[in-house]
1. For the stretch 59-149, how big is the tail of P(r) above 21 Å, as a whole percent of Cα pairs?
2. Given the Cα-Cα distance of ARG241 and ARG151 and 0.36 nm per residue of separation, how much length would full extension add, in nm?
3. What distance in nm separates the simple spin-label points at ALA121 and GLU230, each placed 7 Å from Cα in the Cβ direction?
4. Stretched out fully, how many nm does the piece from ARG141 to ALA195 gain, at 0.36 nm a residue minus the Cα gap?
5. Subtract the Cα-Cα distance of ALA206 and ASP166 from 0.36 nm times their separation in residues, and report this length gain in nm to one decimal.
6. With charges set only on the Cβ (+1 for Lys and Arg, -1 for Asp and Glu), what does the dipole of the chain come to about its Cα centre, in debye to the nearest 20?
7. Just need the relative contact order of the chain here, percent rounded to a whole number, with Cα pairs under 8 Å and 6+ apart.
8. Show me, for the stretch 159-166, the HN-Hα J-couplings you get by feeding each phi into the Karplus relation (A = 6.51, B = -1.76, C = 1.60, θ = phi - 60°), rounded to Hz, glycine and proline as x.
Amino acid sequence: MKRQRVIPLAGSVWHYHRTRGPRMDLPSVITIDGPAGAGKSTLGALLAERLGYLYFDTGLMYRALTLAAMRAGIDLHERQAVEALAARTRLEVTEPRVNDGRQYTVLADDTDVTWAIRDPAVERNVSLVSSYPGVRRELTRQQRAIGQRGRVVMVGRDIGSVVMPDAELKIFLQASLDERARRRANERVDAPPVAEVREAIARRDALDEHVMRPAPDAVVLHTDGLSPAEELAWILDYLGRRPGSA
């Protein structure tokens, strides 16, 4: 297996962050993968905003399908029923269509579910729904169609290795379990103790183990001790140093 590239933080990273930086030939598709709590969503949103790209967290599709199954009264443990629903449900993620603070719009058969998919019940069940092979095949197909439009930052767990294997830039974020638990616990004032968050993330890691691996040609970034701003600056600096950048 080809060894992943692990590139150290560049000394000039803040120069790019504080200025517009050099002119670049940007990748059409940038993928960001990594385990739960590694900071994929935060970095993806920041990078997409900076580049003027669509921010596409592919996990949104699994949440939207989970919500659709719950609303349809489908037993989420009935794999065939959930997979059949995935095959007949058209999911879409677009630029924001409503000025209400959202970063994107999520549609399920043309119904706006952007805020509804944040329901805690969806969070509790999305890992089960996403574990079904038929669901992953169908949503991978739909995700790939969106990615092929270009000018997109795609975030998930297997985007660079499965969904968009031909993406020009693949990033894989790594962070220790303790660091990820600390970040998650700090996200909300009503979060449970760090030990409980750590246990929950460990369970999620076990469920996602089958997809949680970097693509062979991914750039691996270790994020322990880095702020989102530092991670963004690192990526922008790396983009400026890629072959073909002016």
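1. Numbers: 1020 of 4095 pairs.
Cα-Cα pairs in the stretch 59-149 separated by more than 21 Å: 25 percent.
2. Details: separation 90, 0.36 × 90 = 32.40 nm, distance 1.94 nm.
Stretched fully, the ARG241-ARG151 segment lengthens by 30.5 nm.
3. 4.2
4. Details: separation 54, 0.36 × 54 = 19.44 nm, distance 3.73 nm.
The ARG141-ALA195 span can extend by a further 15.7 nm.
5. Values: separation 40, 0.36 × 40 = 14.40 nm, distance 2.72 nm.
The span from ALA206 to ASP166 would gain 11.7 nm if fully extended.
6. On the way: 36 positive and 33 negative charges, 120 e Å.
Using only the charged Cβ atoms, the result is roughly 580 debye.
7. Working: 400 pairs, mean separation 89.9, N = 246.
Reported relative contact order: 37 percent.
8. Per-residue couplings from phi come out as 5, x, 8, 10, 6, 10, x, 9 Hz.
All of the numbers you see were taken from the coordinates with simple rules; none came from a lab. All values reported here derive from a predicted model rather than from experimental measurement. All Cβ positions, glycine included, derive from the backbone under ideal geometry; neighbour counts span all protein chains shown.
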